[in-house]
Amino acid sequence: MTTDTTDAAGRDRVLGRFRDRLDDFDVSHTTVDPDGVSDAVEAVLEPPAIGVDLPEGRGELPPGVTTVWSPADLRGAATGVTPASLGIADYGSLVLPTTADGVEPVSLFADRHVAVVAEDDVVGGMASALARLGDRFRADRGSAIVATGPSATADMGALVQGAHGPKAVHAIIVRS
Amino acid sequence: MSDARTTKAEHIRHILETEGAAIEQNTQGFNDGRYESVADLEDYEGLKREAREIKEDAIERLPELLDDLREAVEANGGTLYLADDAADANEYVRQVVDDADGERVVKSKSMTTEELELNTVLETDGVDVVETDLGEWVLQLADEAPSHIVAPAIHKSRESIAALFEARFDPDQSLESAEELTRFARERLGEQLADADVGVTGANFVTADSGTMALVTSEGNARKTVAATDVHVAVAGVEKVVPTVEDLAPFLELIGRSGTGQDITSYVSLLTPPVGSPTLDFAADERGTPDDREFHLVLVDNGRLAMRQDDDLRETLYCIRCSACSNACANFQQVGGHVFGGETYSGGIATGWEAGVEGTDVAAEFNDLCTGCSRCVNACPVGIDIPWINTVVRDRINRGDVDADEGAVEWLVEGLTPDADPSGVDVQKRLFGNFGTVARLGSATAPLSNWVADTDVARALAERFVGIDRRRDLPQFQRETFREWVSARDGLALADAERTVVLFPDLYTNHVQVERGKAAVRTLEALGVAVQVPDVTASGRAPLSQGMIATARERAEAVAEALVPHVEAGYDIVVIEPSDHALFQREYEKLLDEPSHEALAANSYELLEYVYGLLANGADADELADGDGERVAYHSHCQQRTLGVERYTEAVLDERDFDVVTSDAECCGMAGSFGYKQEYYDVSVAVGEDLTAQFRTEETADRAVVASGTSCLDQLEDLLERPSRHPIELLAPE
């Protein structure tokens, strides 16, 4: 279990663990400053792309990603770009909040999901993540998906990545 | 009854032939994955303890938690319905679907709705019900039942799924690879999800503090089931409630690792419904707002609240349906849930679920597949004593009605086998449960008893009337028992010894495996230990394995009466038969008063564990035989491994310069009487072949075969046709 600490060495350890675990679960990733987010998204997206606006200070989406989309656009999108509210180092997990602007469907329907997560929001282990989520859920009855790697199934006689959800996931880790 | 045995044997053979290979490959893959995945955890045992405590507390406080949950769900804008039984739950859901003018219901995987048979009820109303989990969808198309609680279609090969799709849909392009099949299913189900009206999910956990439910999935279909529909119905058993969101942590860390060997599954949906996502109207191509969403949580009693009051079945409610007990089970690995399963649930814990939800009669159909090997005990993330639940339910079955067909021979076995259990006990169980009486008669009349027992006529009668498979070699009773040998010789005098032990002369050592008893005495004496052998041989293991708890308790009390005074006098108890050692450690807790169990458990040692301890405390290892590099293939014993004491045998053999390779099969498949039983002979052999394959490799084929348990020795000799010995026979000085 990766312990959460605030000192620089401790943070580096948490982030190192997070990247290793993203690798373990076949999630590619890049680490950028906020003003590099747009290019980083651009570099991995396949059109047509839809998205959900990123929170303040986490960078901008490139022009090719539309945040105004209909259910038909959702089904037609090749890439969905969303923020992630937390990263969990021990599992390489991206926590996707359920929001009125549609993080849940945008992260789910397209074959490729690009998640943008802030370094500051990467926690060590499952218990730390649930401690944060518990407060949130009790306060504002929120929901979230702990997503780890692409969707997968072994029901068709062999392991296949890309079942009902994305086939490929890319994480953009934003420096503070 | 013999007809019933034959029918059962035929059914098992059919499943072994048609589904066995796929089930074996998948479950063993999951099981290997579990070992690897939990090994990465820093504190696996601590997490399991934490999970267990949360469940114990939650079930204890269930009524109060249900009140809290209702408040939370209603504050969130949803509805909580507590359903008494299947009919009540189904009626509620059908009303919700009707109110929503639902024409199509999409579902994500839910065992509880299978228990309720919800699909059938909705389909009767003309609703189109579509399972969206790919495995469940395949089974829905094929009209088959799940063979595994987590991976329902593991009995189906890729080829058979391709043929099924071909026949059902006549696709434009032929489908072959798993990728092609998955893509086809995704597209087809995508259409159906898009115009569905109601989404039905299960819930792995529900938190009382916030009304949050956790759904543990991999495909993303549960996410889509919720996202694409306006009305969400979650159906779960009442036992799924835990106090807080934070309490989910140990379960989320353990459930995937314990089940399919994944550190975590792709998605854990933590939903506090109605969820805050926009509604999606694909037909009109419009997005709505989260306010348009509706949520119903249906928690089902259906026998669970009665299980909560039942001291023996209560633990079943801690089950998180991870499937570890299925995957770790050597029998399940061969036959899957179509043999080792009831109406809904399968694997070891299914006995508890089916007994509680459906009734003892349903559990009776498959309960004998649990041999009590105990390999599931350490695998279970909440530490449920699954073998005990199976034993208790077997006992309850025994106390049910007598099968009318058995009257003819019952008097015979009953005369032979005076015990404390009721007359309802199946004649086969009664015979095996009274192995002690059989063994005493066998030795008294040996070798005649062995010759007669081996005749074709005797074997045919034994098969016909008591269901002992005639292909199985019978134990060869020795004329001179171990105890007779001991009392006729002059052993190391107490005065000359550095210490004294009491060596338990278990039934098998006393009557059949006499040589290992002699070797044990020679070894202990060589290490300066005087050996006393008490006048008690029957531990209760045999009746316990047949579910004859009253008889087992009588035996346990007799053992305690004979041994506890020795413990009080400061002597250690040494046990040769691993299943009896495990009994003293584990099951006696349920059979004896606490001080007696504690005395025996704390002061009894498996033989090689004891030898290891003597050597570690300065005894001279050179007194034992020198292995001189002898190549040995060792199979430990299932119950010995559960207690973690097999390592002492390896260490002592290693110390004496034996070159040891140890098997990693969960069980030998013999399991006391199981492998003798006509209806289970084929399963037993299939399990045994996984073990013997490990001793037939280039590296092991020429090795001397060594095993700790009587059953394992019997199975190895039968299947390998190489002699096998207890490890003490290698180590004993001449």
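The values are calculated or read from the model by the stated rules, or taken from the named source; none is laboratory data. Just so it is clear, the structure is predicted and the values come from calculations on it, not from any experiment. So basically every Cβ, Gly included, is an ideal-geometry build from the backbone, and we count neighbours across all protein chains shown. All accessible areas refer to the heavy atoms of the entire protein, side chains included, with ligands and DNA or RNA removed. Shrake-Rupley method; radii C 1.70, N 1.55, O 1.52, S 1.80 Å.
List every residue pair whose Cβ atoms lie under 8 Å apart, where the two residues are 6 or more positions apart in sequence or sit on different chains, the first residue falls within region B:420-436 and is under 17 Å from B:P475 (Cα atoms), and the second residue, located anywhere, is charged (D, E, K, R) and in a loop (DSSP other than H, G, I, E, B).
B:G433/B:D419; B:G433/B:D421; B:N434/B:D419
Look at region A:120-135 and say how many of its residues are in contact (Cβ under 8 Å) with a residue 12 or more places away in the chain, within 7 Å of chain B (Cβ to nearest Cβ) and farther than 22 Å from A:E56 by Cβ.
2
For region B:438-462, how many residues meet the condition of being open to solvent by less than 30 Å² (accessible area, probe 1.4 Å) and of a type in the set (S, T, Y)?
Total satisfying the criteria: 2.
Could you go through region A:78-94 and let me know if any residue there is open to solvent by 20 Å² or more (accessible area, probe 1.4 Å) and either under 22 Å from B:A194 (Cβ atoms) or more than 14 Å from chain B (Cβ to nearest Cβ) (or both).
Among the residues of region A:78-94, at least one is open to solvent by 20 Å² or more (accessible area, probe 1.4 Å) and either under 22 Å from B:A194 (Cβ atoms) or more than 14 Å from chain B (Cβ to nearest Cβ) (or both), which makes the answer yes.
Could you tell me whether B:D230 is charged (D, E, K, R), surrounded by fewer than 24 Cβ atoms within 10 Å (Cβ to Cβ) and farther than 26 Å from B:R94 by Cα?
No: the conditions fail for B:D230.
Every residue in region B:642-653 that is closer than 17 Å to B:R541 by Cα and either assigned to a strand (DSSP E or B) or not hydrophobic (A, V, I, L, M, F, W, C) (or both), please. So that I can check it myself, show each step before the final result.
Within region B:642-653, the first condition is being closer than 17 Å to B:R541 by Cα, and the residues that meet it are B:642-643.
B:T642, the sole residue that qualifies.
Quick check on region B:536-545. Is at least one of its residues without any contact (Cβ under 8 Å) to a residue 40 or more places away in the chain, in the same structural domain as B:Q585 (by TED's automatic domain parsing), open to solvent by less than 30 Å² (accessible area, probe 1.4 Å) and farther than 17 Å from B:T710 by Cα?
Scanning region B:536-545 turns up at least one residue that is without any contact (Cβ under 8 Å) to a residue 40 or more places away in the chain, in the same structural domain as B:Q585 (by TED's automatic domain parsing), open to solvent by less than 30 Å² (accessible area, probe 1.4 Å) and farther than 17 Å from B:T710 by Cα.
Would it be correct to say that B:F295 is surrounded by fewer than 22 Cβ atoms within 10 Å (Cβ to Cβ) and within 14 Å of another protein chain (Cβ to nearest Cβ)? Walk me through it before giving the result.
On the way: surrounded by fewer than 22 Cβ atoms within 10 Å (Cβ to Cβ): no; within 14 Å of another protein chain (Cβ to nearest Cβ): yes.
No: the conditions fail for B:F295.
Kindly list the number of the only condition in (1) surrounded by fewer than 17 Cβ atoms within 10 Å (Cβ to Cβ); (2) farther than 26 Å from B:P578 by Cα; (3) outside the structural domain of B:A552 (by TED's automatic domain parsing) that fails for B:A493.
So B:A493 meets the others, but not (3).
In a helix (DSSP H, G or I), of a type in the set (A, V, I, L, M, F, W, C) and open to solvent by less than 10 Å² (accessible area, probe 1.4 Å): does that describe B:A519?
yes
State the number of residues belonging to region B:127-173 that are away from every other protein chain (no Cβ under 11 Å), of a type in the set (S, T, N, Q) and touching a helix residue (DSSP H, G or I) at 6+ places or on another chain (Cβ under 7 Å).
Total meeting the criteria: 1.
Would it be correct to say that B:Y345 is aromatic (F, W, Y) and buried (at least 24 other Cβ atoms within 10 Å of the Cβ)? Let's see the steps before the verdict.
Details: aromatic (F, W, Y): yes; buried (at least 24 other Cβ atoms within 10 Å of the Cβ): yes.
Against the criterion (aromatic (F, W, Y) and buried (at least 24 other Cβ atoms within 10 Å of the Cβ)), B:Y345 qualifies.
Answer with yes or no whether B:T700 is at negative phi, in a loop (DSSP other than H, G, I, E, B) and open to solvent by less than 10 Å² (accessible area, probe 1.4 Å).
Details: at negative phi: yes; in a loop (DSSP other than H, G, I, E, B): yes; open to solvent by less than 10 Å² (accessible area, probe 1.4 Å): yes.
Considered against the rule, which asks whether it is at negative phi, in a loop (DSSP other than H, G, I, E, B) and open to solvent by less than 10 Å² (accessible area, probe 1.4 Å), B:T700 comes out as yes.
List the helices (runs of 4 or more DSSP H) inside region B:90-194, counting only whole elements, that have at least 2 residues being open to solvent by less than 10 Å² (accessible area, probe 1.4 Å) and without any contact (Cβ under 8 Å) to a residue 40 or more places away in the chain.
It comes to B:134-142, B:158-169, B:178-194.
If you check B:S277, B:S269, which single one turns out to be at the interface with chain A (Cβ under 7 Å from one of its Cβ atoms), over 20 Å from B:M111 (Cα atoms) and surrounded by 24 or more Cβ atoms within 10 Å (Cβ to Cβ)?
Details: B:S269 fails: over 20 Å from B:M111 (Cα atoms).
Being at the interface with chain A (Cβ under 7 Å from one of its Cβ atoms), over 20 Å from B:M111 (Cα atoms) and surrounded by 24 or more Cβ atoms within 10 Å (Cβ to Cβ) holds for just one of B:S277, B:S269, which is B:S277.
Could you list, in sequence order, the residues of region B:240-266 that are in contact (Cβ under 8 Å) with a residue 40 or more places away in the chain, polar (S, T, N, Q) and either facing chain A (nearest Cβ under 9 Å) or surrounded by fewer than 24 Cβ atoms within 10 Å (Cβ to Cβ) (or both)?
B:T260, B:Q262, B:T265, B:S266 - these are the residues of region B:240-266 that are in contact (Cβ under 8 Å) with a residue 40 or more places away in the chain, polar (S, T, N, Q) and either facing chain A (nearest Cβ under 9 Å) or surrounded by fewer than 24 Cβ atoms within 10 Å (Cβ to Cβ) (or both).
Looking only at region B:94-106, decide whether some residue is in contact with a Pro (Cβ under 9 Å, 6 or more places away or on another chain) and within 14 Å of another protein chain (Cβ to nearest Cβ). Walk me through how you get there before you give the answer.
Of region B:94-106, the ones in contact with a Pro (Cβ under 9 Å, 6 or more places away or on another chain) are none.
Scanning region B:94-106 turns up no residue that is in contact with a Pro (Cβ under 9 Å, 6 or more places away or on another chain) and within 14 Å of another protein chain (Cβ to nearest Cβ).
B:Y81 fails exactly one of the following numbered conditions: (1) without any contact (Cβ under 8 Å) to a residue 60 or more places away in the chain; (2) assigned to a strand (DSSP E or B); (3) open to solvent by 30 Å² or more (accessible area, probe 1.4 Å). What is the number of that condition?
Every condition holds for B:Y81 apart from (1).
Taking the conditions exactly as written (open to solvent by 10 Å² or more (accessible area, probe 1.4 Å), of a type in the set (G, A, S) and over 25 Å from B:L65 (Cα atoms)), does B:A284 satisfy them or not?
Details: open to solvent by 10 Å² or more (accessible area, probe 1.4 Å): yes; of a type in the set (G, A, S): yes; over 25 Å from B:L65 (Cα atoms): yes.
Yes: the conditions hold for B:A284.
Does B:R186 satisfy the condition of being more than 10 Å from every other protein chain (Cβ to nearest Cβ), farther than 14 Å from A:G157 by Cβ and of a type in the set (K, R)?
On the way: more than 10 Å from every other protein chain (Cβ to nearest Cβ): no; farther than 14 Å from A:G157 by Cβ: yes; of a type in the set (K, R): yes.
The answer is no for B:R186.
Working carefully through the options B:A582, B:A560, find the one that is within 27 Å of B:A732 (Cα to Cα) and open to solvent by less than 30 Å² (accessible area, probe 1.4 Å).
Of B:A582, B:A560, the one residue that is within 27 Å of B:A732 (Cα to Cα) and open to solvent by less than 30 Å² (accessible area, probe 1.4 Å) is B:A582.
Right, B:D209: within 30 Å of A:A89 (Cα to Cα), surrounded by 22 or more Cβ atoms within 10 Å (Cβ to Cβ) and in the same structural domain as B:V129 (by TED's automatic domain parsing) or not?
For B:D209, the condition - within 30 Å of A:A89 (Cα to Cα), surrounded by 22 or more Cβ atoms within 10 Å (Cβ to Cβ) and in the same structural domain as B:V129 (by TED's automatic domain parsing) - is not met.
List every residue pair whose Cβ atoms sit under 6 Å apart, with the two residues 6 or more apart in sequence or on different chains, where the first one lies in region A:96-112 and is open to solvent by 30 Å² or more (accessible area, probe 1.4 Å) and the second, anywhere, is among the β-branched types (V, I, T) and part of a loop (DSSP other than H, G, I, E, B).
A:D101/A:V52
Do we find that B:D67 is open to solvent by 30 Å² or more (accessible area, probe 1.4 Å), more than 30 Å from B:D291 (Cα to Cα) and of a type in the set (D, E, K, R) in this structure?
So B:D67 does not fit the description; no.
So which residues in region B:343-366 are assigned to a loop (DSSP other than H, G, I, E, B) and over 17 Å from B:E679 (Cβ atoms), if there are any at all?
Correct list: B:E343, B:T344, B:Y345, B:G347, B:G348, B:I349, B:E358, B:G359.
Looking at B:E10, B:E42, B:E24, B:E36, which one is out of contact with any strand residue (DSSP E or B) (no Cβ under 6 Å at 6 or more places or on another chain) and surrounded by 14 or more Cβ atoms within 10 Å (Cβ to Cβ)?
Being out of contact with any strand residue (DSSP E or B) (no Cβ under 6 Å at 6 or more places or on another chain) and surrounded by 14 or more Cβ atoms within 10 Å (Cβ to Cβ) holds for just one of B:E10, B:E42, B:E24, B:E36, which is B:E24.
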